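To start, the structure itself, in structure tokens.
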Amino acid sequence: MDRAVSRAFCLLEVLASASEPLRLTEIAELSGLQKSTAHRILATLVELGYARQEASGRYAATLRAWEFGARSAAQLPIKRIAAGFLHGLHRAIGETVSLTLLSGTDVLYLDKIIAPRPVRFRTRVGSRVPAVLTASGKAILSQRPDGPDLVRRSAEQQGLDIAAVEAELDEARRRGYALSGYSPGVSSIGVAVGAGGAAAEAGLSVSAPSERLAGESRDRVIEALLEAGARMSEALARP
């Protein structure tokens, strides 16, 4: 691995993950690099247009990296096929719906349609979250042959009870959907999506304040979500 390239990407990830522009000392601390090294690489990123330096001297990421990511995401068949199902599900239930894709032991949020009555979410398009913490991630893992291995790896990293997580996945496999309360006060229900007999790689989820996902409303959401997931899987299996 080329150290110069890896360091540049490390700094870009630090900038992109920050909620506000960062001072050079903060960037050096977060990246584990010397200030002089971080300053040199940041100067290159600014010159190439991947970062900007504000009048205050702080640094922030530009939209240049987003351009590449947006183009790559648009080329994914799963994102193109999912668009109609996401909108249809959103119209049917009126709650926030998301499309996620398994990436290692995480899920990456590829698309999200926010409810008219929004709540504060921890995730947005582009967010990466450990799969075992999300409803769609649990649903995906429950349908994969390598799910148990991914669960153990992720649960250990997050300090979770492996047996408890495995029990959740067994239940998700039995009923066809998974549950999560990753965001405080918000409940999520997720289903796995896969083409034919291939291992599931994507998931659909519905999220709403916990009081709106109870009783008959919860049953209605589960029914709509299972139908959307099944139809989307069928669409992915078509040549």
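The values are calculated or read from the model by the stated rules, or taken from the named source; none is laboratory data. Because the structure is predicted, anything quoted here is derived from the model rather than measured. In this analysis, Cβ positions are derived from the backbone assuming ideal geometry, glycine residues included, and neighbour counts consider all displayed protein chains. Side chains are part of the model used for accessible areas, which takes the heavy atoms of the whole protein and leaves out ligands, DNA and RNA. Shrake-Rupley method; radii C 1.70, N 1.55, O 1.52, S 1.80 Å.
Looking only at segment 70-103, count how many residues are in contact (Cβ under 8 Å) with a residue 40 or more places away in the chain and either surrounded by fewer than 20 Cβ atoms within 10 Å (Cβ to Cβ) or hydrophobic (A, V, I, L, M, F, W, C) (or both).
Of the residues in that region, 14 qualify.
I'd like the full set of residues that are closer than 17 Å to PHE9 by Cβ and surrounded by fewer than 16 Cβ atoms within 10 Å (Cβ to Cβ), limited to segment 40-59.
ARG40, ALA43, THR44, VAL46, GLU47, LEU48, GLY49
Could you tell me how many of the residues in segment 29-86 are modelled with pLDDT of 85 or more and either part of a loop (DSSP other than H, G, I, E, B) or among the charged types (D, E, K, R) (or both)?
Residues meeting the conditions: 21.
Considering only segment 128-150, state which residues are closer than 14 Å to SER207 by Cα and either small (Gly, Ala, Ser) or in contact with a helix residue (DSSP H, G or I) (Cβ under 6 Å, 6 or more places away or on another chain) (or both).
Result: ALA135, SER136, GLY137.
Can you go through SER154, SER136, SER127, SER205 and tell me which one is of a type outside the set (Val, Ile, Thr), within 19 Å of THR100 (Cβ to Cβ), within 20 Å of the chain's Cα centre (by Cα) and open to solvent by 10 Å² or more (accessible area, probe 1.4 Å)?
Going through SER154, SER136, SER127, SER205 in turn, just one is of a type outside the set (Val, Ile, Thr), within 19 Å of THR100 (Cβ to Cβ), within 20 Å of the chain's Cα centre (by Cα) and open to solvent by 10 Å² or more (accessible area, probe 1.4 Å): SER127.
Here's a check for you: in segment 16-31, which residue that is free of Cβ contacts under 8 Å to residues at least 12 places away in the same chain and open to solvent by 40 Å² or more (accessible area, probe 1.4 Å) is farthest from GLY126 (Cα to Cα)?
THR25
Looking at this structure, is ALA195 surrounded by 19 or more Cβ atoms within 10 Å (Cβ to Cβ), touching a residue at least 24 places away in the same chain (Cβ under 8 Å), out of contact with any strand residue (DSSP E or B) (no Cβ under 7 Å at 6 or more places or on another chain) and outside any helix (DSSP H, G or I)?
Yes.
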